[in-house]
Amino acid sequence: SCGIMHFSSGLGRRGFLGGLAAAGISGTAHANSVVPVEKAELKVGFVPISCAAPLIMAVAKGFFQEEGLNVHLQKIAGWALVRDRLLNGELDASQLLAPMPISLSLGLGSAAQPVRAITMQNINGQAITLALKHHNRRDPRDWKGMTFAIPFEYSMHNLLLRDYLAHYGLDPDHDVTLRITSPPDMVANLRAGNIDGFLGPDPFNQRAVYEQIGFIQTLTAQIWDGHPCCAFGMTQPFIDAYPNTYSALQRAMIRAAAWMNAPENRLEAARIMAQPAYLNQPEIVIRQSLTGHYADGLGVVQDNPHRAGYSPYPYYSMAMWIESQLRRWGYLQRPTDALKLAREIYLFDDVVQQARVVGPLSGLQDPVAGGFPEFSVLGQTFPRAGGQAL
Amino acid sequence: MSNEHAVTRFIEVSQLMKRYKPGIPAVFADVSFTIAQGEFVCVIGHSGCGKSSILNILAGLEKASSGVVIMNGHEITGPSLERGVVFQGHALLPWFTALQNVEFAVRSRHPKYSRAKIKEEAEQYLNMVGLGAALHKKPSELSGGMRQRVGIARAFSVEPSLLLMDEPFGALDALTRGLIQEELLGVCARTHQTVFMITHDVDEAIFLADRIVLMSNGPGARIAEIVKNPLPRSRTRETMHHEEGFYDLRNHLVDFLVRRSALVTKSVA
Amino acid sequence: MSNEHAVTRFIEVSQLMKRYKPGIPAVFADVSFTIAQGEFVCVIGHSGCGKSSILNILAGLEKASSGVVIMNGHEITGPSLERGVVFQGHALLPWFTALQNVEFAVRSRHPKYSRAKIKEEAEQYLNMVGLGAALHKKPSELSGGMRQRVGIARAFSVEPSLLLMDEPFGALDALTRGLIQEELLGVCARTHQTVFMITHDVDEAIFLADRIVLMSNGPGARIAEIVKNPLPRSRTRETMHHEEGFYDLRNHLVDFLVRRSALVTKSVA
Amino acid sequence: MGHGPNAASHSEGFPTPKQFLDAAWIQLREPFHDRGPNDRGIGWQLGASLLRVALGYGLAVLVAVPGGFIIGLSPLIRRALDPFIQILRPISPLAWMPIALYTIRNAEECGIFVIFICSLWPVLINTAFGVAAVRRDWLNVAKTLEVVWWRQIFLVLLPAAAPTIITGMRVGLGIAWLAIVAAEMLVGGSGIGYFVWNQWNNLSIANVLLAVLMIGITGMVLDLLFGFIQRRLTYVE
Amino acid sequence: MGHGPNAASHSEGFPTPKQFLDAAWIQLREPFHDRGPNDRGIGWQLGASLLRVALGYGLAVLVAVPGGFIIGLSPLIRRALDPFIQILRPISPLAWMPIALYTIRNAEECGIFVIFICSLWPVLINTAFGVAAVRRDWLNVAKTLEVVWWRQIFLVLLPAAAPTIITGMRVGLGIAWLAIVAAEMLVGGSGIGYFVWNQWNNLSIANVLLAVLMIGITGMVLDLLFGFIQRRLTYVE
Ligand SMILES: Nc1ncnc2c1ncn2[C@@H]1O[C@H](COP(=O)(O)OP(=O)(O)OP(=O)(O)O)[C@@H](O)[C@H]1O
Ligand SMILES: Nc1ncnc2c1ncn2[C@@H]1O[C@H](COP(=O)(O)OP(=O)(O)OP(=O)(O)O)[C@@H](O)[C@H]1O
Ligand SMILES: O=[N+]([O-])[O-]
Ligand SMILES: [Mg+2]
Ligand SMILES: [Mg+2]
């Protein structure tokens, strides 16, 4: 740990200078971004899964500290609790599932709360895992009657699994059972035979392989390469009250995403995340899911460097895909202005602005200008050419 | 044989009737008698004839359905320290020691007393009943006879004008019973205590009472007769049955209980 | 007055001693007596002298520390249907009705009987004690006296050679007690039942017993004396106290309990 | 209350009586609807929980009553087992759940096991106590009547200990009903606990309230039922 | 240890005694270590749970004992409140949790509230019952001695009902201890329930077992403590 501290302070110094330089370059507009933040002591929630990597690194590698923030990470047992604690004001900000800022802002299931995705935490990094006994039933068309676990209704896991099943001709509402289960319970329930599979976050997919009870059917990177998973979010009132703190958090998370996205950092990340205070998982399991060099549970060692990726940009088109899927599956029924919503909730422009303040970073991709990249989801392009998004 | 004490009426019970629920027959009716100052009156009657009910009315713990009880010229309307009660089955507070049980009573009588004074007084009453050595025992550590003695000490400690006792020795064996009866008689004689006591036991009544109230069977019980005890007050338990008149009285009472108690009710009802 | 029954020794108790724990004094020692066929024997003694212990040894529910009990030439080693017990405080099974309680006993005596036959027999014994109208009542719905009667019917229903009764009427009031004593005496006379009974009550012993065993106080209790009852077997409860010799016997027994029971022990111990 | 600016006020979120009644009406209108495994009525869920409780609790009673008899009749066994019972008893159903999920590799059995293990102790302890405390007089009656052992057990010991046993069973059922909700939140799939969990995830407080009310009423009915049996079996000495 | 991705083999299933002892030793070696809020020792977690229980349970006793007195002394109030108590009592701690989170809005206070609400009922019911069942004789003694009302309450009613009240408190503490683990597994943050959840997250059955054992032992110690108090306060009539 001594070595890590040393390394981290060295890097922190460089990062700090870089930030100053960037601020100087971009002129006066953001000079105020280095003024002290309004609120330095922050309580931030995370769920112990690989998606939390940037948040954990921002603490462990000192990115928050460089921005003058003292972040207290709180490990939280489930998404409903994350939601309640954020809305109750017990958390200043938190890791959120990418659809959550949208569902909360729309008031799906409750009164509307203005919650914002202030950065994206990660892309890809999920998988569909099946119980070993199903190794001969790889074709989703054969999955009628199965039970699958998902972590939350308003999750990419739910939306991707539904899209995947529908793609293969199954009605996710009637042909299979979808059950909300927290990730560790997914593995135990898979072992117990209560579920046939799950679309869950890493490292639990790899954990199921490690426990020799499941195999990886498909990575979500193979469904939609570059799909968002977890966002980093807070409420609009917080942003309004503490604008500098908000921007500082954004900058730290951009740096953390960039750091995580660099393949050479993944081994160190795995080591840090394995600690009891964070994921509390065997390092080897996390490493496999972070590097994409992994056992698939059927005796094959796979290599897919896209298995986990980290990008801070909350693209508007991502929000629109999520909104379209929420509507498709009946979660959202009243008419909305999708584009307006996306711009309101996914704060892409601010992320780009703060990325400019931070300056070029090695792991950081350039944002797609305008915030409307096209995606291919199971072979379908989104947004469709000529669609409202453009 | 009744009413020769009319001149010294200390307690005057007149026309007492008790009915627990409307529509059912009265437990007893038409009950009138008097108790003179310093007198020891026993009530005998079969189970259910309402002896306890009468005693509770005298204690102020129950209300009569009709009739009044006058004590020293005032009607009895509720419980009072003037009337000490020795309950059937002792009714000591089991979480207190013997001493604390009596102190509880002394403090009620003399709220202004200091702690030391209260203790002194309580000890004195326990000594009076021969329990000086068992002050700090809980009721459960005392024998049945000792418990009943504590109950008596407690009742005496409030210096009541009238002592009410509801079958105080019913649960005791013959030997203990005899000893404690003697003590009670001694204490009452020394303190000129007025006592109203319920008993089942003919010999006990003969030994203790100046007058014995005989009640017919309930429901609708009446006072059948009030018998004056002809034995000298100097009688002792051991020699009493050699006393002249003892077996006449005893036979009279036993006959009453075995045969006449039922007849009286029938003829009256 | 003892041992004139030696020729008809049905039960022979010899040199019985009971010590519950080594190191503490024996509850009683040196207890020997006999019971003849058809005889009614009562034991009187103060609490703790070991009366119940003796009865339990006769029942086979307890073991003597030394000494033996011979019944009809065989040593008693355990409980048996030959010896029926009426327990202190009735010991009816409260979840059974009166009838079921007696049926329970009848079925034990005659496992081969049909259900109807068992019922018939049980009813007959309940009729015998005057409970024909309360067959289907639970013990809790019966008065104390009725309960004790069911206990007696149950004990009789196994047609025991010897009936053992441990203060069967201790909990009853005087009137009920008298009635039930008369019934018991009647049934025993008709069936020539041999009975061994414990009591506290001098009058009860005089009324029921052919012989009365007087025990000195425990620990280290002894048989102080065995008294033959001179009253005629035709005695009744109501007239008994007018019988000649009654008060002599009564005074003898009362004197024993009040004074001599303790002296005997002291001189013996 | 001092909430920060991010304490987005959602006081309007707590359902008004009208909202609650609307939600309740939707659920209670067709409590047994079954639109696929993901959308079943609240009555159906309650039934699933009751079935689970019936199995786990029934099993516990089947084990605990004979076990309690053996323990109650033998002071030696009682002393030997007491420490284990004392340690296992206070363990929360939810704490058993991971172990059950990990070791029992069968779907329903985990939930049932948790009910079993939670309701076992009160029944076991009360049966043992009840049997050990049977009045010596009654046993003596049976002895002097030379009653055979199985009639002693079924006609004397069992009815004598019945009020104590049924008290233990009542307590055990209460605990089973507390535990089922916990178990179903984890093992999920069906049951009123799963319903609560699901509605909580959807932030449908009106439905959570409705479910909580149903849990309370069902628990009360079960308890009243046992209270009734208890009164039937209780004898007056 | 192999580093290839196929060097995947976790000890299949249940820990061996040795594995369990190793895991236990690691935890119990420094039970009070504190490496940040998300990584604290098992002793520290146990302490956090006990503190929570002390607060929630203490509050419940403070409310339930006076409340029970009022209910016990007034048959009218008893009849009026009884249905509510009967419905609220069987509601699982976990079912309360979502409602508590929604209305109290503070996770720590929610945990305490859940303990409060679960342990409230046994204390309340037993106190009411104990007070209502005080022997009339003792009250009559106090009446004939003209004892003032507050001395009647503290010197007669309270000691007379104490054994029943303490029995209710003992049951309530047992339920509180069952509930705290459930509450902490759900709400997390700290406590032995959180520890179980955290180890469960790592599927570390050895550590879960250790925690379960600690829960059992702590529960037993609490129960013994109350058993001791109970014996002290119980009087022989
Ligand atoms: N609180 C009450 N409510 C209704 N009936 C009552 C009440 N108290 C007593 N009784 C009835 O009144 C009658 C007389 O009762 P009481 O206790 O005065 O008789 P007792 O002569 O003292 O009898 P015992 O000798 O058995 O003590 C009984 O029939 C009894 O059932
Ligand atoms: N199981 C036992 N263990 C130890 N001591 C006992 C036991 N049973 C009785 N004793 C003691 O033996 C003595 C005699 O008891 P027992 O019950 O035989 O007396 P008793 O004459 O029947 O008295 P009572 O008239 O009160 O019924 C008492 O001192 C009692 O404490
Ligand atoms: O916990 N999940 O990110 O699904
Ligand atoms: Mg009375
Ligand atoms: Mg005896």
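Values computed for the structure shown
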{"quantity": "A:N136 vs. criteria away from chain D (no Cβ under 14 Å) and buried (at least 22 other Cβ atoms within 10 Å of the Cβ)", "calculated": "no"}
{"quantity": "Listing of strands (runs of 3 or more DSSP E) fully contained in the stretch B:150-261 that carry 2 or more residues being touching a Cys at 6+ places or on another chain (Cβ under 8 Å)", "calculated": "B:194-199, B:211-215"}
{"quantity": "When residues of the stretch B:162-175 are limited to those that are within 17 Å of B:G186 (Cα to Cα) and at pLDDT 90 or above, the one farthest from ligand 5 (Cβ to nearest atom)", "calculated": "B:L162"}
{"quantity": "Verdict on C:A91 being touching a residue at least 12 places away in the same chain (Cβ under 8 Å) and closer than 17 Å to D:W138 by Cβ", "calculated": "yes"}
{"quantity": "Every residue from the stretch A:259-271 that is farther than 16 Å from A:I123 by Cα and surrounded by fewer than 22 Cβ atoms within 10 Å (Cβ to Cβ)", "calculated": "A:E264, A:N265, A:L267, A:E268, A:R271"}
{"quantity": "Residue list for the stretch A:83-133, filter: closer than 24 Å to A:R162 by Cβ, part of a strand (DSSP E or B) and within 10 Å of chain D (Cβ to nearest Cβ)", "calculated": "A:V115"}
{"quantity": "In the stretch D:211-237, residue farthest from the chain's Cα centre (by Cα) [restricted to those that are of a type in the set (A, V, I, L, M, F, W, C) and either outside any helix (DSSP H, G or I) or away from chain E (no Cβ under 11 Å) (or both)]", "calculated": "D:V236"}
{"quantity": "Within the stretch A:224-241, considering residues that are in a loop (DSSP other than H, G, I, E, B) and buried (at least 22 other Cβ atoms within 10 Å of the Cβ), the one farthest from ligand 5 (Cβ to nearest atom)", "calculated": "A:H227"}
{"quantity": "Inter-residue pairs, beta-carbon under 7 Å, first in contact (Cβ under 8 Å) with a residue 12 or more places away in the chain and outside any helix (DSSP H, G or I) and in the stretch A:57-71, second surrounded by fewer than 24 Cβ atoms within 10 Å (Cβ to Cβ) and among the charged types (D, E, K, R), 6+ apart", "calculated": "A:N70/A:E41"}
{"quantity": "Residue within the stretch A:196-208 that is assigned to a loop (DSSP other than H, G, I, E, B), under 30 Å from A:L42 (Cβ atoms) and touching a helix residue (DSSP H, G or I) at 6+ places or on another chain (Cβ under 8 Å) present", "calculated": "yes"}
{"quantity": "Check on B:P219, free of Cβ contacts under 8 Å to residues at least 12 places away in the same chain and more than 18 Å from the chain's Cα centre (by Cα)", "calculated": "no"}
{"quantity": "Residue among D:I42, D:I71, D:I77 that is under 24 Å from D:T164 (Cα atoms) and crowded, with 17+ Cβ neighbours inside 10 Å", "calculated": "D:I71"}
{"quantity": "Elements of type helices (runs of 4 or more DSSP H) contained in the stretch A:273-349, each with 1 or more residues being surrounded by 24 or more Cβ atoms within 10 Å (Cβ to Cβ) and touching an Asp or Glu at 6+ places or on another chain (Cβ under 6 Å)", "calculated": "A:283-291"}
{"quantity": "Filter result (of a type in the set (A, V, I, L, M, F, W, C), touching a residue at least 24 places away in the same chain (Cβ under 8 Å) and surrounded by 22 or more Cβ atoms within 10 Å (Cβ to Cβ)) within the stretch D:118-147", "calculated": "D:C118, D:L120, D:W121, D:V123, D:L124, D:I125, D:A128, D:V131"}
{"quantity": "Any hit, the stretch B:78-88, residues being in contact (Cβ under 8 Å) with a residue 12 or more places away in the chain, crowded, with 16+ Cβ neighbours inside 10 Å, within 11 Å of ligand 1 (Cβ to nearest atom) and within 14 Å of another protein chain (Cβ to nearest Cβ)", "calculated": "yes"}
{"quantity": "Single condition A:P54 does not satisfy, out of (1) more than 16 Å from the chain's Cα centre (by Cα); (2) more than 12 Å from chain D (Cβ to nearest Cβ)", "calculated": "(1)"}
{"quantity": "For E:W197: the one exception among (1) within 7 Å of another protein chain (Cβ to nearest Cβ); (2) surrounded by fewer than 24 Cβ atoms within 10 Å (Cβ to Cβ)", "calculated": "(2)"}
{"quantity": "Some residue of the stretch B:238-250 being surrounded by 11 or more Cβ atoms within 10 Å (Cβ to Cβ), closer than 18 Å to C:L249 by Cα and modelled with pLDDT of 85 or more", "calculated": "yes"}
{"quantity": "Residue list for the stretch E:165-187, filter: facing another protein chain (nearest Cβ under 7 Å) and surrounded by fewer than 24 Cβ atoms within 10 Å (Cβ to Cβ)", "calculated": "E:G174"}
{"quantity": "Top-ranked residue in the stretch C:15-61 [being surrounded by fewer than 16 Cβ atoms within 10 Å (Cβ to Cβ) and near ligand 2 (Cβ under 8 Å from one of its atoms); ranked as farthest from the other protein chains (Cβ to nearest Cβ)]", "calculated": "C:K21"}
{"quantity": "Which numbered condition D:P15 misses (of (1) in a helix (DSSP H, G or I); (2) more than 27 Å from A:P172 (Cβ to Cβ); (3) not basic (K, R))", "calculated": "(1)"}
{"quantity": "Residue match in the stretch A:22-37 (condition: surrounded by 13 or more Cβ atoms within 10 Å (Cβ to Cβ) and modelled with pLDDT of 50 or more)", "calculated": "yes"}
{"quantity": "Residue in the stretch A:146-158 that is more than 20 Å from the chain's Cα centre (by Cα), part of a loop (DSSP other than H, G, I, E, B) and over 22 Å from A:Y315 (Cα atoms) present", "calculated": "yes"}
{"quantity": "Within the stretch D:126-156, tally of residues that are more than 11 Å from every other protein chain (Cβ to nearest Cβ) and part of a helix (DSSP H, G or I)", "calculated": "11"}
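The values are calculated or read from the model by the stated rules, or taken from the named source; none is laboratory data. Keep in mind that what you see is a predicted model, and the values were worked out from it rather than measured. Cβ atoms come from the backbone with ideal geometry, glycine included; neighbour counts cover every protein chain shown.
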